[in-house]
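The values are calculated or read from the model by the stated rules, or taken from the named source; none is laboratory data. Only a predicted model underlies this, so the values are computations on that prediction, with no experimental measurement involved. Heads up, the Cβs are rebuilt from the backbone with ideal geometry, glycines too, and the neighbour counts pull from every protein chain shown. Just the protein is used for accessible areas: all its heavy atoms, side chains included, with ligands, DNA and RNA removed. Shrake-Rupley method; radii C 1.70, N 1.55, O 1.52, S 1.80 Å.
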Amino acid sequence: MRLNPRWINKLVTWALTFQAVLAVGILVAIILVIFIKGAPHVSLGFIFSYPEDMGRHGGIFPSIVATVLLGLLSLVFATPLGVGTAIFLTEYTKESTFTRIIRFGVESLAGIPSIIYGLFGFIFFVIKLGMGWSLLSGTLTITIMVLPTIIRTSEEAIKAVPNNLRMVSFSLGATKWETVTRVVIPSAMPGILTGIMLSIGRAVSETAAVIFTMGSSLRLPTSLADSGRTMAVHFYILAREGISLEKAYGTALILVMTILIINFVAYYLMNRMVAKYS
Amino acid sequence: MGKPHSSRETGIKWLLTLFALSSLLFLFVIFAFILAEGLPLFVKVGPGHIIFGMKWAPTKGHFGIFPMIVSSFMVTFGALVFGASLALACATYLSEYAGRKTKLFLKPALELLAGIPSVVYGFLGVVYIVPLIREYLGGPGFSILSTSLVLGIMILPTIISISFDALMSVPAGYREGSLAMGATKWQTVYRVVLPAARSGILASFILGMGRAIGETMAVIMVAGNALKIPTSLLDPLRTLTSNIALELAYATGDHRSALFSTGVVLLVIIMFLNLVANFWVKKRTAR
Amino acid sequence: MGQKLFGFLVLASLMVCSSCGFFGPTSHGKIIVAGSTSIMPFTEKLAEHFMVEKPETPVDVQGGGSSAGIQATINGTVTIGMSSRGLKGNEKGLNAIVICYDAIAIVVNPKNPIVDLTTEQVRDIYSGKISNWKQLGWIDRNISAVTREDGSGTRGAFEDLVMGKTFIDDAVMVQDSNGAVREVVGNDPYAIGYISLGIVDSRVKTIAVDGMSPSIKTVRDKSYGIVRPFLYLTSGSPGPQAQAFISFVLSSQGQTILSKEGLVPVNGQASF
Amino acid sequence: MDSKITIKGLNLFFGKTQVLKGVNLDVYRNRISGFMGPSASGKSTLISVINKLVFFEEAVRTEGSVYIDGQNILGNGLSDVALRKKVGTLFATPIPLPRSIFENIAFGPKLNGTWKKSDLYAIVEESLTKAFLWDEVKDRLDDSALKLSGGQQQRLCLARTLALKPEIILLDEPCSGLDPISTLKIEEALAELKSEHTIILVSNNTKQIARACDFVAFLYLGELIEAGTTDKVFTYPDAKMTEDYIQGKFG
C-alpha cells in the first residue's frame, strides 16, 4: 500500500510538534518545579544566615560565598591563560604541527569527564602538593577544567574579527601586541565574555570535581587554604542524605537563579557592547 | 624607539607560547598522575582481571570492573535512545516549522537549561521518576530505566542547541529548490535538510554521549549502584564514573589504586570515543 | 586591556604566594577533624557547640572515611582522626579515645509490617539467599537491599558483626552514606538497610535482631549485638587545642549532646 | 627636485609568482604621485611594500631596495613600527575602528604615548579640519564612527592617518566606493596636504590621476612601463601601451 505523501507530511508535522512540545515541556517543568517548591523556603534570612544542624536549619550563606569565590578565583586563573592561548593560536602563529598539537591538547582536555578532574585534583593538589581540601585545590582543578571552554570560545571570537581592522592598526604604527590589545580583543570581547560566563556557570554547577578537591566543610571559607562547600555540593548532600528537602529545594532555586543571573549579565554586557558601536 | 618595542614583543610572544603550552602541560600532568596511580595495579593483578573481572570487592582483593564498563555503555545508549530522538525532533521542529520569535527566544533559554547543574536533574529523578517506576513497573526504581531517562533529559538542551545550529545553517536555497520541485515539507526536511546538516547533528549526538558517559553525581543518585551487570531495564547498576565517586573518599592502598584504574579505563574509553568522533565528523564534513 | 590581563596575572600569582604559608594543618590555631563519615555529623554538632564556648578555636570537620582518617592522623595532616572501626597493625600506635558507642540498626520502611529478623535472615538477605519478602512472610515482592560502599566503616562493622565470611551479593544496591541509605529505605516500602542508630528517625523503622531492638539500654547491657565504638585518634598525646576539644566531647555536656543524638555515651578513656 | 622615496630594482614574489618585476622609480617630496594601471598591474602591491604591510601575506619574498630619505626600508635598520609612523596608509574601503570618532583619531597618538585629553583633542580637531570633516562631526565626536556615511568614513580614515603627522601618505584607490562629491572633497584635501606631505595615490581612474597628480607612473603586469610628470605622460606618452590605457582601450 502506498501512502499519500501529503498524509505522511501531516502526520509527521503532528508528531514533530508533539515531540517538540514534550521536550520543551519537560525542561520547562523542571524549572517550574524548582521555582514552586523552592520559593517558599527562600528568604533574605536563608541567603544571609549560617546553616545549623548540618543544613537542616538556617541558611546557606557560607555556601554562597564558597560558590562565588570558586567561580571568580578560577576565572582569575583561567581567563589570562585561556585568552592568552587563544591569542597565541590565532595571532602569533600560522597553522603548523605545533598548533595542531596544542589544539589536540585543548580538545582532549575538553573531553575529559569532570570526575577525572576530581580524581586528578584529589591526588595532585590535595595529596601530592599538600594543599588539602581547600579553596585553592578546588580553584586550580576548576581552572583546568574550564580552560578549554575559554580557549575555544575566545578563539572563535578572535577569528571572527575582520582582518582589515588589524591592517588598519598596523598601518597606524601599532605593534602586534598593541593591535591585539587595542583592536582585536575589544572587538572579540562579546565572544570572550560568553566563554567566561559559560565557565563561571560550569564552576557554579560542578559537583564531582569540587567535592573531592574543595571538600565539604560548612564553615565560611576565609583563606585559600580553607575548605568550603559550594551550593551545588551542599544541594547534593542535602538531597542525597535526606537532611532537608525544603532546604534542598531552596538551595536549588538559589543555584538556578545564580545561573540565570550569570546568563542575563552575559547577555546584557554582550548586547551593550555590540549595540554601542554598530 | 624600535628596540624596546621589539624586545617587549618577543617577551610577550614567549609568554603567550607558555600559556598555550600550559594546556598540553595540564593534559600531560593529568594523564601522568592518573596513570601513575592506576597502572601499577594493572601490573600487579593483571589487566584481564581488572577489565574483564566480574567481581568488585577491592578491600578483599577483587578489582573487576567489567560490569561497570558494560553498565556505562548501557546507560549511555539508553540516554541516546531517549534523548537523541526527542532532541532531534525538537530541533527539527524549531528550525523548520516554528516561527521567528520562538527561535529568537529559544537559543538563550536552551543555553540556560544546559547550565542547570546535573545534580538537580538527578535529584528530580529521585523524587519523580524513581518512585513512579517502582510503583508501576516494579523493582527498586533505581534502575537503567530511571538513569537513562534522567541522562536523556539532561542531554536534551545540548543536543537540541547544537543540531538546531546545524539545521539553521543549511542554506535556504536547498529548501526552496526542493519545495519548488513539488516535494512536501516533510520530504524536503527528510531528503534534503537533514542529510545536509548530518555532520552537525552527529556532532551533537557525540557531545551528548560524552556528557552522558561522563556524568557522575546524577547517576549515583538514580542508578542504585549495585555491582551486578543489570539483566533487566528495572535492575540497578553502577557506572565507571559513579564507582570512582562512591568510594574515593574512603579508599586507601590498593583500593584507591583500583579507583584510579577505573579512571584509566574511563579515560581510554573517552579518548577512543573522541578519536572516532573526530575522525567520523571530519570525514563527513570533508565530503 | 593588556594592562588588565597582566593585572589578573599578578593578582593570581600574589594569591598563590600569600596562601602558601597557610597549608600547615595547625595554622592559625585551627583544629582539623577528619575521617569516618558516620562520626562526622555528630562531630559537626559537637564542634558547633564547642565553638560557641571557644570561638577563638575554629574546628574544621571533614569526612573521608575511617581508613583515610586513620592514615591522615598517622601522617599528621589532621589534628584529630575519626574512626568507626577498631585499629589494626601499625595503626595501634595511635592514641585512641572512645567517645561513644554506636549500634548499627537494621532498618526498613515504616510500611513494612515485619518487626523481627534473626541475624541469619539478615545475612541471607544480604547474600542474596533470601530475595523476596514472601520468604519472610510478607507480600510477593523482591527485597531491595541497600548496603554501604566498600571501604566504609559502617559496612566494615556490619560485615564483621553480621556477615561473617559470607560476601554481600552483587545485586544489592549501594549508597555512600548513612543518610543516603536512610533516604532510600524511607522512600521505598520494599527496601532494607543498615544505618547508625544515631541517625534513625521517623522516616525508617528499626527491626529487632534476634529478638533485641537497638536502644541505649540494649547497647549498654550488651544484649544488642551489632555495636561498634566511635574513636577519636591523635598521633601521640594531643596538643592543648585538641585536648580542649576532646575534653569537651567527653564532658557531661558533650556526652549529653551525643546521647540526644541516639548514641550511647561512655565515660573516660579506653585503649584499643 | 629631490626624491623622498627611491625604488631600485624591486622584485616581489608571492611564492613562485612574480608580482613586481624590476621596478625603478623616484617619488618626489611634497608632490602627489599617481600609480595607475589595470587590475593585477602591481600598483597596490607596490605601495604595500612601501608600508611593508605586504609582509603579512603568506610566502612573500623581495629583491632590490626601497629607500626613504636614503635609508633602505627593506634592510634591517628601521623597525616596521617606526616605518609605519612615518608612512600613513588609506585603504580602498573606509575601515573605521569600531569605536567613537574621537577614539578613532586618537588611536595613533595614544600609541605614541599621548594620553592627555586636551592634547588629544587638539590633534583630533586639527586632523579632522585638514580632512575637511571637522564641521560635519564636531558636535558628535563621541558617536560611533560606524554611523558616518561612506564618504565621511573615508575622510575620517584620512584624518586618522594625518593625526600621526606622517611624512608620506599612501592612498590605495581611496575613492573607489565613493560618490563624486565625496571624491572631490578628498581630492581637495590632498591638494592642501601636499605642502606638508609626500603623497602617493593609487587609482585606476585615469581622470582622477590627471586631475589630482603632479607625477604619474603607469604599471602593467608588475612592470613599470613609464613614469613622468602628469602633463608629459598624458600628452606625449612614450609607450603605445600607456596611450591605449589613457584612452580607455583596455584596463
Task: Unmet requirement for A:Phe88, which otherwise passes all of (1) surrounded by fewer than 19 Cβ atoms within 10 Å (Cβ to Cβ); (2) within 9 Å of chain B (Cβ to nearest Cβ); (3) more than 21 Å from the chain's Cα centre (by Cα) - done: (1)
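Each row is one residue, and each column tells you yes or no for (1) farther than 23 Å from B:Thr76 by Cα; (2) more than 14 Å from chain A (Cβ to nearest Cβ); (3) of a type in the set (Val, Ile, Thr); (4) touching a strand residue (DSSP E or B) at 6+ places or on another chain (Cβ under 9 Å).
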| site | (1), (2), (3), (4) |
| --- | --- |
| B:Thr92 | no, no, yes, no |
| B:Glu96 | yes, no, no, no |
| B:Thr102 | yes, no, yes, no |
| B:Phe105 | yes, no, no, no |
| B:Val127 | no, no, yes, no |
| B:Gly138 | no, yes, no, yes |
| B:Ile155 | no, no, yes, no |
- [ ] Please verify whether segment C:108-123 includes one or more residues that are open to solvent by 20 Å² or more (accessible area, probe 1.4 Å), over 30 Å from C:Ala208 (Cα atoms) and more than 14 Å from chain B (Cβ to nearest Cβ).
- [x] no
Task: Every residue from segment A:76-85 that is open to solvent by 10 Å² or more (accessible area, probe 1.4 Å) and more than 9 Å from chain B (Cβ to nearest Cβ) - done: A:Val76, A:Phe77, A:Thr79
TODO: Filter segment D:190-204 for residues that are assigned to a helix (DSSP H, G or I) and surrounded by fewer than 18 Cβ atoms within 10 Å (Cβ to Cβ) and give the result.
DONE: D:Ala191, D:Glu192
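Within the group C:Ser213, C:Ser223, C:Ser259, C:Ser247, which residue is closer than 30 Å to C:Pro113 by Cα, of a type in the set (S, T, N, Q) and at pLDDT 90 or above?
Unique residue meeting the criteria: C:Ser213.
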Task: Output for segment A:123-157, where each listed residue is under 19 Å from A:Leu69 (Cα atoms) and open to solvent by 10 Å² or more (accessible area, probe 1.4 Å) - done: A:Phe125, A:Val126, A:Met131, A:Gly132, A:Trp133, A:Leu140
- [ ] Consider C:Gln243 carefully, then state whether it is outside any strand (DSSP E or B), of a type in the set (S, T, N, Q) and within 20 Å of the chain's Cα centre (by Cα).
- [x] no
Open item on the list: Checking A:Thr258 against (1) more than 8 Å from every other protein chain (Cβ to nearest Cβ); (2) open to solvent by 10 Å² or more (accessible area, probe 1.4 Å); (3) in contact with a Gly (Cβ under 8 Å, 6 or more places away or on another chain), only one condition comes out false. Which one?
Closed with: (3)
Task: Residue list for segment A:261-278, restricted to those being facing another protein chain (nearest Cβ under 10 Å) and either open to solvent by less than 10 Å² (accessible area, probe 1.4 Å) or not in a loop (DSSP other than H, G, I, E, B) (or both) - done: A:Ile262, A:Asn263, A:Phe264, A:Ala266, A:Tyr267, A:Met273, A:Val274, A:Ala275, A:Lys276
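Quick check on this structure: which one of A:Glu241, A:Glu246 is more than 14 Å from chain C (Cβ to nearest Cβ) and among the acidic types (Asp, Glu)?
Result: A:Glu246 is the single residue among A:Glu241, A:Glu246 that is more than 14 Å from chain C (Cβ to nearest Cβ) and among the acidic types (Asp, Glu).
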- [ ] Would you mind listing the helices (runs of 4 or more DSSP H) fully within segment B:177-287 where at least 3 residues are in contact with a helix residue (DSSP H, G or I) (Cβ under 7 Å, 6 or more places away or on another chain) and within 30 Å of B:Gly125 (Cβ to Cβ)?
- [x] B:198-214, B:217-223, B:240-247, B:253-286
Open item on the list: Could you list, ordered by first residue, the pairs with Cβ atoms under 6 Å in which the first is in segment C:48-74 and facing chain B (nearest Cβ under 8 Å) and the second is polar (S, T, N, Q) and open to solvent by 10 Å² or more (accessible area, probe 1.4 Å), at least 6 apart or interchain?
Closed with: C:Gly63/C:Thr37; C:Ser67/B:Thr252; C:Gln71/B:Thr252
Task: Residue list for segment D:223-249, filter: without any contact (Cβ under 8 Å) to a residue 24 or more places away in the chain, assigned to a loop (DSSP other than H, G, I, E, B) and either out of contact with any strand residue (DSSP E or B) (no Cβ under 9 Å at 6 or more places or on another chain) or open to solvent by 80 Å² or more (accessible area, probe 1.4 Å) (or both) - done: D:Tyr236, D:Asp238, D:Gln247, D:Lys249
Open item on the list: As an exercise: evaluate A:Ile192 against (1) within 14 Å of chain B (Cβ to nearest Cβ); (2) aliphatic (A, V, I, L, M); (3) under 17 Å from the mean Cα position of the chain (by Cα) and give the number of the one condition it does not meet.
Closed with: (1)
Open item on the list: Among the listed residues C:Val181, C:Val209, C:Val266, C:Val249, identify the single one that is open to solvent by 10 Å² or more (accessible area, probe 1.4 Å) and within 25 Å of C:Gly65 (Cα to Cα).
Closed with: C:Val266
Open item on the list: Out of B:Phe63, B:Phe31, B:Phe42, I need the residue that is under 26 Å from A:Phe120 (Cβ atoms), more than 8 Å from every other protein chain (Cβ to nearest Cβ), in contact (Cβ under 8 Å) with a residue 12 or more places away in the chain and surrounded by fewer than 19 Cβ atoms within 10 Å (Cβ to Cβ). Which one?
Closed with: B:Phe31
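Take the residues of segment B:171-197 that are within 26 Å of the chain's Cα centre (by Cα) and within 13 Å of B:Ala91 (Cα to Cα): which is most open to solvent (accessible area, probe 1.4 Å)?
Ranking the candidates gives B:Leu194 first.
So that you can scan it fast, the table gives a plain yes or no per residue for (1) among the hydroxyl-bearing types (Ser, Thr, Tyr); (2) surrounded by fewer than 24 Cβ atoms within 10 Å (Cβ to Cβ):
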site: D:Phe91; (1), (2): no, yes
site: D:Phe107; (1), (2): no, yes
site: D:Thr114; (1), (2): yes, yes
site: D:Leu133; (1), (2): no, no
Open item on the list: It is to be established whether one or more residues within segment B:260-278 are surrounded by 23 or more Cβ atoms within 10 Å (Cβ to Cβ) and touching a strand residue (DSSP E or B) at 6+ places or on another chain (Cβ under 8 Å).
Closed with: yes
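Of the residues D:Asn51, D:Asn72, D:Asn30, which is buried (at least 22 other Cβ atoms within 10 Å of the Cβ) and more than 14 Å from chain B (Cβ to nearest Cβ)?
Sole residue among the options that is buried (at least 22 other Cβ atoms within 10 Å of the Cβ) and more than 14 Å from chain B (Cβ to nearest Cβ): D:Asn51.
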Open item on the list: Which of the numbered conditions does A:Ala20 fail, given that it passes all the others? Conditions: (1) surrounded by 21 or more Cβ atoms within 10 Å (Cβ to Cβ); (2) assigned by TED's automatic domain parsing to the domain that holds A:Ala157; (3) under 24 Å from B:Tyr121 (Cα atoms).
Closed with: (2)
TODO: Being away from chain A (no Cβ under 14 Å) and farther than 30 Å from C:Asp150 by Cβ narrows it down to one of B:Ala197, B:Ala277, B:Ala226, B:Ala203, so name that one.
DONE: B:Ala197
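Considering only residues that are within 13 Å of chain A (Cβ to nearest Cβ), open to solvent by less than 30 Å² (accessible area, probe 1.4 Å) and not in a helix (DSSP H, G or I), which ones fall in segment D:135-151? Outline the logic, then answer.
At the first step, the residues of segment D:135-151 found to be within 13 Å of chain A (Cβ to nearest Cβ) are D:142-148.
Add one more test, that the residue is open to solvent by less than 30 Å² (accessible area, probe 1.4 Å), and what stays is D:144-145, D:148.
Across segment D:135-151, the qualifying residues are D:Ser144, D:Leu148.
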TODO: Go through segment A:158-188 and count every residue that is assigned to a helix (DSSP H, G or I), of a type outside the set (Ser, Thr, Tyr) and either within 16 Å of B:Ser6 (Cα to Cα) or outside the structural domain of A:Gly82 (by TED's automatic domain parsing) (or both).
DONE: 5
